[in-house]
Each structure stands twice: as C-alpha cells, then as structure tokens.
1. Determine, yes or no, whether Asn239 is more than 29 Å from Lys171 (Cα to Cα) and touching a Phe, Trp or Tyr at 6+ places or on another chain (Cβ under 7 Å).
2. Given the criterion within 13 Å of the ligand (Cβ to nearest atom) and in a strand (DSSP E or B), identify the matching residue among Thr195, Thr203, Thr185.
3. Among the charged types (D, E, K, R) and either modelled with pLDDT under 95 or at positive phi (or both) - does that describe any residue in the range 181-203?
4. Consider Asp232 carefully, then state whether it is in contact with a Leu (Cβ under 9 Å, 6 or more places away or on another chain), at negative phi, free of Cβ contacts under 8 Å to residues at least 40 places away in the same chain and not aromatic (Phe, Trp, Tyr).
5. Could you please find all residues in the range 264-293 being touching a residue at least 40 places away in the same chain (Cβ under 8 Å) and of a type in the set (D, E, K, R)?
6. Among the residues of the range 171-182 satisfying the criterion of being assigned to a strand (DSSP E or B) and among the charged types (D, E, K, R), which is surrounded by the most Cβ atoms within 10 Å (Cβ to Cβ)?
7. Answer with yes or no whether Gly200 is under 21 Å from Ile129 (Cβ atoms), crowded, with 24+ Cβ neighbours inside 10 Å and not β-branched (Val, Ile, Thr).
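The values are calculated or read from the model by the stated rules, or taken from the named source; none is laboratory data. Keep in mind that this is a model prediction, so the values were computed, not measured. Glycine also receives a Cβ, built like all others from the backbone with ideal geometry; neighbour counts cover every protein chain displayed.
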Amino acid sequence: MKYIPYGKQYIDNEDKKLVLDSLSNDLITTGPFVEKFENKLKKYFACNYSYACSSGTAALHLAMLSIGLKKDDIILMPAINFIASYNMAKSMQLKVYLVDVDKYTGQVTPDKVLDCIKKNKLKKIKALILMYNGGYPEYIQKFYEIKKKHNFLIIEDACHALGGEYSYKKKFLKIGSCKHSDISTFSLHPLKSITSGEGGIVTTNNTKISKNIKLFRNHGILRNKKNYWNYDILEYGYNYRLSDINCALGLSQLKKISFFLKKRKSIYFKYVKEFENFNQNLTVPKYSISIKPSYHLFIININFEKIKKNKNLFIKYLNKNNIMAQQHYIPIYKFSVYNQKKSSFPDSEKYFNNSLSIPIFVNLKNKDQNKIIKVIKNYFK
Ligand SMILES: Cc1ncc(COP(=O)(O)O)c(C=O)c1O
C-alpha cells in the first residue's frame, strides 16, 4: 500500500508543455521565461521588484546580502524555522539571536520579539527575520511598529506563505507586497504553494536593495551597457540564477495558484471541522480574520504528556497506517552547530514536543483525508 505523503506537488500537462516550449528557445537561462515569470510575479505581489533565484535559501542569502549585513551585525530570527536562514546568517558571521515562539503556532509573536530584545539588552539590531509557519501570516502591522521603533529592517522568510494575504485599511495585501517589510523571500520547492522544481523569489520595493539583489545573484557583475563583452565586478557575488526551464514551470504554476489555494483551504476546513471539538488534548491551527493563509501546513498540537504518550510513538503509529507526518521544525538551538547553549526557549520546546504536520496538498484524495482523520481519532480511543 502506498504512503500518503504530508505534501506533494501538482503538475499537469500545461506545465509539461510550457517546460518543453522553454527548451526550444535560444536561451534556456537568463532568457525570456525568466523575464516573463518575474513580470508576472511583480504584478501578482503588487511590488516594485521581483526576482527569481535558484532556491528559497538563495533568496534568504540574497536578502541578507542586499541589505548590507556584515560580520557581527545583530539579527533576530525564530527559534523554530527551517535551518536555511540560520545557516546563511552564520555563513556571513552575523550575530544571531533566536526568538522564542508561540507554543501552538510555532511562530514568533510581537511580544516574543520584544522579550528577546529586552532579555538580551539588544541595541542596534539590523534585521528581524519573520517566518510564517505553515502559511499563517499574523501580526504584520505589529511587527512593523516594532521595526519603526527599533529602527531595523524586516526580512520575511515567507517560504510557507506564497499566496497568503493580510488585511490593511480594509483591503487585503499579498505577502510579498512588502508594504510592511523590506524584503520577502519565497521557496519554489515542490512542496510549496507553487513549484519550479527548485527555485526561489525575492521581492522588495526598495530600488537600492533591488540593485544589490541583481548584483549578488549574478557574481557581482555589472555589464557595460554599450559593450556587452565588458563588465566590472562590484561585489563578491554568487550564481543564484534560476534557469528559463524552471521559470517556465513556475510561470505555468502561477496561473493555477488560486485553484491550488482553494483546494488547500477546503482540506484545511475539513480537518478543522473534524478536530476542533474532538478532544481537549488535540489543538488545530486557527487564524484571525485579518489574514488569508496559504494553508501550506496543517500543524496539530497534541498534549502528549497529558495522554501519557509521545510524539515519536504517534508518528510511528501514523507510519504503520501508511500516513507520513513531519515536524516543522526541530528547534535551531538543538542542532550541534548552535553554540549559545545557555539560552532557553520554553515555548519553542513545548511546541516542538507537541506539534506535527499532517498531510495537506492539492490532490489529497477525499478518501485519504477521511482515513487520516479516522486513524488520528482512533489514537485517542
Ligand atoms: C521556512 C523555510 N525557509 C527556507 C526554506 C528554504 O527553501 P529552499 O528549500 O527552496 O532552499 C524552506 C524550504 O524548505 C522553508 O520551508
């Protein structure tokens, strides 16, 4: 019997056709599909600048490079996150302070950010990296107020939140519009809202930052406008370009994003209906009316201590029933590379002990979702 994965891409014939078309062009990198994809993204997010790059990790690195972060600069980021932003920051020798997260959502809250600043007596913070765990972008305007007060920049690690929106002045704005942040970053990995195989996106409204993104994405090269064969190197840059083949897939997927989000939303609501009043030891993700999520993950919280079980046994039980679950994420402070062992993150610890993601993806079959619900409910019998 086949496993039900916790996430999976949705690829159709239209996607395949456009990828094939891209292969017939003279340029299969830095060609027309890159430009088309970037223009569509710019419109989609309603931002000034939008760049495709080779991964979400590259997008985060470009974000940190383009705002001029340097060795020993102080930045804040969530204790619960995929390792990409931490790795990139440490590779730039930045001083990273981890912020504890909410014990149910796994996300930093404005209060937690303020606690971290106070507890560590931080001054001259350069940037805060936010991560919308599972695709639920809450508190954006509150973070923006803190940013203004403490005079730092906000980078959104919105790798889970492509397609997510938040309300502002009675309208909904896209995550990526950068109205209340300086840079947004996204991943186009197969499990995300849309995919380009591998890939990433960086958006900003700031002209200087946008110039830097372009430079760092392509080896720091500035071409001579008159003589294309001449160029200068202005920065120690990278090759973080995304090929036309990937951009063709991204472009085709972007056309379907509303359909994708609608499907995810219906899966989300079915889980919520089944689980929200099912058992007091199982909590499901809820969100405020001020956001429209991307429904990237469905993270459940189980009070394992109360039911005298543990998360590993529960995951094994799901696996035995051919259901994959995942933890998003192992806290950064638990990894060998983390060297500030004396800090403590009590709510991240609770979140980590009790939370896990269950399957949610565009073509999750009704019968498979019914099975997942039944198997989880049976666990509590
Ligand atoms: C929150 C978050 N940040 C960063 C990344 C890195 O993205 P990529 O895998 O495209 O490098 C991911 C992808 O897994 C992610 O989920």
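1. no
2. Thr185
3. No.
4. Here the answer is yes, as Asp232 does meet what is asked.
5. Arg264, Lys270, Glu274, Lys292
6. Going through the qualifying residues, I end up with Lys174.
7. Taking the combined requirement at face value, the residue satisfies it.
Each row is one residue, and each column tells you yes or no for (1) in a helix (DSSP H, G or I); (2) at pLDDT 95 or above; (3) touching a strand residue (DSSP E or B) at 6+ places or on another chain (Cβ under 6 Å).
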position: Ser344; (1), (2), (3): no, no, no
position: Asp347; (1), (2), (3): yes, yes, no
position: Ile360; (1), (2), (3): no, yes, yes
position: Ile372; (1), (2), (3): yes, yes, yes
